[in-house]
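The values are calculated or read from the model by the stated rules, or taken from the named source; none is laboratory data. Remember, predicted model here, so these are calculated numbers, not experimental data. Using ideal geometry, Cβ is built from the backbone for each residue, glycine included, and neighbour counts are taken over all protein chains shown.
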Amino acid sequence: MDMSFRWFGKDEDSVTLEQIRQIPGIKGVISALYDIPVGEAWPVYRIHQLKTEVEESGLALLGIESVNVHDSIKAGASDRDRYIGNYITTVKRLGDQGVSLICYNFMPVFDWLRSDLAQERQDGSTVMAYRQDIIDGINPEMMFSQMNADANGYLLPGWEPDKMEGLKALFDTYRGVDEQRLFENLVYFLKAVIPVCEEYGVNMAIHPDDPAWPIFGLPRIIHNRENIMRMLKAVDSKYNGLTFCTGSLGTSSDNDLSGMIKELGDRIHFVHIRNLKIHGKGHFEESAHLSSDGSFDMYAILKSLYDIGFNGVVRPDHGRAIWGEISRPGYGLYDRALGAMYLNGLWEALEKSHLRN
Ligand code: DNO
């Protein structure tokens, strides 16, 4: 297992590569070229620059999160082939430079969603939280403004403000796109991209829908065992895999996280680990990683990964805001570093108890 840390680049992250390097057990970072507009091919020299910068700090570039998929591809619009062509160019360029992991999602218009980016807890820390009743009373445009206003001046991944300007048109693009159509559009995309991934040794790891149900009337198709298996079977190549995100899949208590890990096996290429405190259906907050602080059994999750022989990339996911740190919500240094240490500790215990038995 390679423990990693998400890094948003030196101009956009409050956390530096030097700080990441000092977290025990971190082998590399997960990053992206966040300024390249979605749908454009990534320039070779920019990929090279990013990789060099990371490597000069003593870390490895362990994967990209995300090479985002243009909404024309998701909606199956008439210009999708042009964007798929650009995507393939980026995959080839990444593969050429030894990057072998791409995380992406297929959520229409939006990415992950929270109703509160800084909910205060009893200990004075703040966390991101979700309440469906609040989301139900909000229109999508307001949601964009609110998420961006509350982001401590940082750009939230997936919530770029420029999207808001064309939001109505974007929703129109999805008219007539139901779950079945969205699934077909995903398969169309994968059928074009996966053969290239096979040739270039790049694993595609789709990120599940977060939360694990449709929002704002838009379809979502990657949020439970059945629809993930269906996606994997539709393009049955090892390179067509999953980012197993505990915090996304775990928003629905119908998802048995440990059972899913065992079933998905070697199609899991990347793991995002965080804990949630579930308060009821459609109501949760992001807790500390520690099992006893939330609703998930982190030992059981790590044990399932250990049992399937997982040797891919892991990262601690959203952390709490603690010790006065101001950062992009969910992506400060302190609580994610605590998370990484805890996960590494569980992993060490699993390895040693296995050796002794
Ligand atoms: C949220 C992240 C997601 C994820 C994308 C992958 O913090 O986990 O934004 O990066 O869904 O494309």
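When the residues of the stretch 325-342 are narrowed to those that are more than 16 Å from the ligand (Cβ to nearest atom) and touching a helix residue (DSSP H, G or I) at 6+ places or on another chain (Cβ under 9 Å), which ends up farthest from Ser125 (Cα to Cα)? Spell out how you get there, then give the answer.
Narrowing the stretch 325-342 to residues more than 16 Å from the ligand (Cβ to nearest atom): 325-326, 334, 337-338, 341-342.
Keeping just the survivors that are touching a helix residue (DSSP H, G or I) at 6+ places or on another chain (Cβ under 9 Å) gives 325, 337, 342.
Numbers: Glu325: 10, Ala337: 15, Tyr342: 18 Å.
Restricting to residues being more than 16 Å from the ligand (Cβ to nearest atom) and touching a helix residue (DSSP H, G or I) at 6+ places or on another chain (Cβ under 9 Å), the top hit is Tyr342.
Do any residues in the stretch 61-81 that are without any contact (Cβ under 8 Å) to a residue 24 or more places away in the chain have Cβ atoms under 9 Å from those of residues that are in a loop (DSSP other than H, G, I, E, B) and more than 10 Å from the ligand (Cβ to nearest atom), where the two are at least six apart or on different chains, and which pairs are they?
Final answer for the pair search is Asp79/His70.
Which of the residues spanning the stretch 150-166 are surrounded by 12 or more Cβ atoms within 10 Å (Cβ to Cβ) and out of contact with any helix residue (DSSP H, G or I) (no Cβ under 6 Å at 6 or more places or on another chain)?
Taking the stretch 150-166 as the starting set, the residues that turn out to be surrounded by 12 or more Cβ atoms within 10 Å (Cβ to Cβ) are 150-152, 154-161, 163-164, 166.
If the condition is that a residue be surrounded by 12 or more Cβ atoms within 10 Å (Cβ to Cβ) and out of contact with any helix residue (DSSP H, G or I) (no Cβ under 6 Å at 6 or more places or on another chain), then Asp150, Ala151, Asn152, Tyr154, Leu155, Pro157, Gly158, Glu160, Lys163, Gly166 are the ones that fit.
When only residues in the stretch 1-23 that are of a type in the set (S, T, N, Q) and under 19 Å from Tyr342 (Cα atoms) count, which is nearest to the chain's Cα centre (by Cα)?
Applying the first criterion (of a type in the set (S, T, N, Q)) to the stretch 1-23 yields 4, 14, 16, 19, 22.
Then drop every residue that is not under 19 Å from Tyr342 (Cα atoms), which leaves 4, 19, 22.
On the way: Ser4: 13, Gln19: 22, Gln22: 23 Å.
In this case the residue turns out to be Ser4.
Checking the conditions here, which among Phe310, Phe270, Phe284 is closer than 23 Å to Glu65 by Cα, among the aromatic types (Phe, Trp, Tyr) and within 16 Å of the ligand (Cβ to nearest atom)?
Details: Phe310 fails: within 16 Å of the ligand (Cβ to nearest atom); Phe284 fails: closer than 23 Å to Glu65 by Cα.
One residue alone meets the criteria, Phe270.
For the stretch 228-255, how many residues are within 16 Å of the ligand (Cβ to nearest atom) and not in a loop (DSSP other than H, G, I, E, B)?
Within the stretch 228-255, residues that are within 16 Å of the ligand (Cβ to nearest atom) and not in a loop (DSSP other than H, G, I, E, B) number 12.
Do the conditions hold for Ile26, that is, is it under 16 Å from the mean Cα position of the chain (by Cα) and in contact (Cβ under 8 Å) with a residue 24 or more places away in the chain?
Against the criterion (under 16 Å from the mean Cα position of the chain (by Cα) and in contact (Cβ under 8 Å) with a residue 24 or more places away in the chain), Ile26 does not qualify.
Kindly list the number of the only condition in (1) in contact (Cβ under 8 Å) with a residue 60 or more places away in the chain; (2) over 16 Å from Asn105 (Cβ atoms) that fails for Asp236.
Of everything listed in (1) in contact (Cβ under 8 Å) with a residue 60 or more places away in the chain; (2) over 16 Å from Asn105 (Cβ atoms), Asp236 misses just condition (1).
What tally of residues in the stretch 85-99 results from selecting those that are more than 15 Å from the ligand (Cβ to nearest atom), over 14 Å from Ser31 (Cβ atoms) and crowded, with 20+ Cβ neighbours inside 10 Å?
Residues that pass the stated criteria total 0.
Of all the residues that make up the stretch 117-149, how many are surrounded by fewer than 19 Cβ atoms within 10 Å (Cβ to Cβ) and of a type outside the set (Gly, Ala, Ser)? Outline the logic, then answer.
The initial filter retains those residues of the stretch 117-149 that are surrounded by fewer than 19 Cβ atoms within 10 Å (Cβ to Cβ), namely 118-124, 126, 131-139, 141-142, 145-146, 148-149.
Now narrow it down to the ones that are of a type outside the set (Gly, Ala, Ser): 119-123, 126, 131-136, 138-139, 141-142, 146, 148.
Count: 18.
Please go through (1) away from the ligand (no atom under 15 Å from the Cβ); (2) within 30 Å of Val193 (Cα to Cα); (3) modelled with pLDDT under 95 for Asp136 and return the number of the only condition it doesn't satisfy.
Status for Asp136: all satisfied but (2).
Pairs please, first residue from the stretch 153-174 and closer than 28 Å to Ala118 by Cα, second anywhere and within 12 Å of the ligand (Cβ to nearest atom), Cβ atoms under 6 Å, 6+ apart in sequence or on different chains.
Tyr154/Arg328; Leu156/Met147; Gly158/Asp111; Trp159/Met147
Given the conditions (1) under 30 Å from Tyr239 (Cβ atoms); (2) touching a residue at least 60 places away in the same chain (Cβ under 8 Å); (3) of a type in the set (Asp, Glu), report the number of the one that Asp307 does not fulfil.
Every condition holds for Asp307 apart from (2).
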